[in-house]
Amino acid sequence: GWITAGERLEYAITVPASGYYDLIARVASPHAGKSFSVLRGATDLTGLVSVPTTGAHQRWQSVTKRGVYLPAGTHRLLFTTTTGGFNLNWISLSRTQ
């Protein structure tokens with residue numbers, strides 16, 4: 001839904017094998033200059049990820065942060081926002097080759 005500045009969303013994940021993953025987020029925003037980051041504990045996994053201007057709050061686009069290292073096991077990922085004014089539909093992790 002509608003993301004606000006400073007919002008924090010926590011997700012439990014299980015990583016089957018240590019390695020590098022692409023983190024993909026499905027976002028939408030009619031506004032420029034929006035961003036988020038994803039942390040595992042105190043470790044910033046992504047740095048700031050820019051949300052593109054998609055033209056509307058329901059016009060979705062995927063953004064990818066490549067090369068996110070995750071150790072095997074169960075973790076809590078923290079999606080944090082530096083700005084509001086965008087929507088998040090889903091987040092996905094895909095093992096890189």
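Please find, within region 53-68, the residue that is most open to solvent (accessible area, probe 1.4 Å) out of those that are of a type in the set (Lys, Arg) and assigned to a strand (DSSP E or B). That would be 66.
Take the conditions (1) open to solvent by less than 50 Å² (accessible area, probe 1.4 Å); (2) in contact (Cβ under 8 Å) with a residue 60 or more places away in the chain; (3) among the aromatic types (Phe, Trp, Tyr); residue 90 misses just one of them, which is (1). Being of a type in the set (Val, Ile, Thr), part of a loop (DSSP other than H, G, I, E, B) and at pLDDT below 95 is a property that residue 83 has. How about region 69-79: which of its residues are under 16 Å from the mean Cα position of the chain (by Cα), open to solvent by 20 Å² or more (accessible area, probe 1.4 Å) and not aliphatic (A, V, I, L, M)? Once the filter is applied, which keeps residues that are under 16 Å from the mean Cα position of the chain (by Cα), open to solvent by 20 Å² or more (accessible area, probe 1.4 Å) and not aliphatic (A, V, I, L, M), region 69-79 yields 69, 75, 76. Examine region 18-34 for a residue that is farther than 11 Å from residue 88 by Cβ, modelled with pLDDT of 95 or more, in contact with a Gly (Cβ under 6 Å, 6 or more places away or on another chain) and part of a strand (DSSP E or B), and state whether such a residue exists. Yes, there is a match, as at least one residue in region 18-34 is farther than 11 Å from residue 88 by Cβ, modelled with pLDDT of 95 or more, in contact with a Gly (Cβ under 6 Å, 6 or more places away or on another chain) and part of a strand (DSSP E or B).
In region 3-17, the qualifying residues are those that are part of a strand (DSSP E or B) and not hydroxyl-bearing (Ser, Thr, Tyr), and the one that is most open to solvent (accessible area, probe 1.4 Å) is 8.
If you go through region 31-46 and pick out every residue that is loosely packed, with under 12 Cβ neighbours inside 10 Å and free of Cβ contacts under 8 Å to residues at least 12 places away in the same chain, you end up with 2.
Of all residues in region 12-33, those satisfying the criterion of being farther than 19 Å from residue 66 by Cα and not hydrophobic (A, V, I, L, M, F, W, C) are 29, 30, 31, 33. Would you say residue 28 is open to solvent by 70 Å² or more (accessible area, probe 1.4 Å) and small (Gly, Ala, Ser)? In short, no. Scanning region 65-97 for residues that are touching a Ser or Thr at 6+ places or on another chain (Cβ under 9 Å), of a type in the set (Val, Ile, Thr) and within 19 Å of residue 11 (Cβ to Cβ) gives 68, 74, 80, 81, 82.
The values are calculated or read from the model by the stated rules, or taken from the named source; none is laboratory data. What you see is a predicted model; the values in this text were computed from it and never measured. Cβ sites come from the backbone with ideal geometry, for glycine too, and all protein chains shown count toward neighbours. Each accessible area value is taken on the protein alone, full model and side chains, heavy atoms only, with ligands, DNA and RNA left out. Shrake-Rupley method; radii C 1.70, N 1.55, O 1.52, S 1.80 Å.
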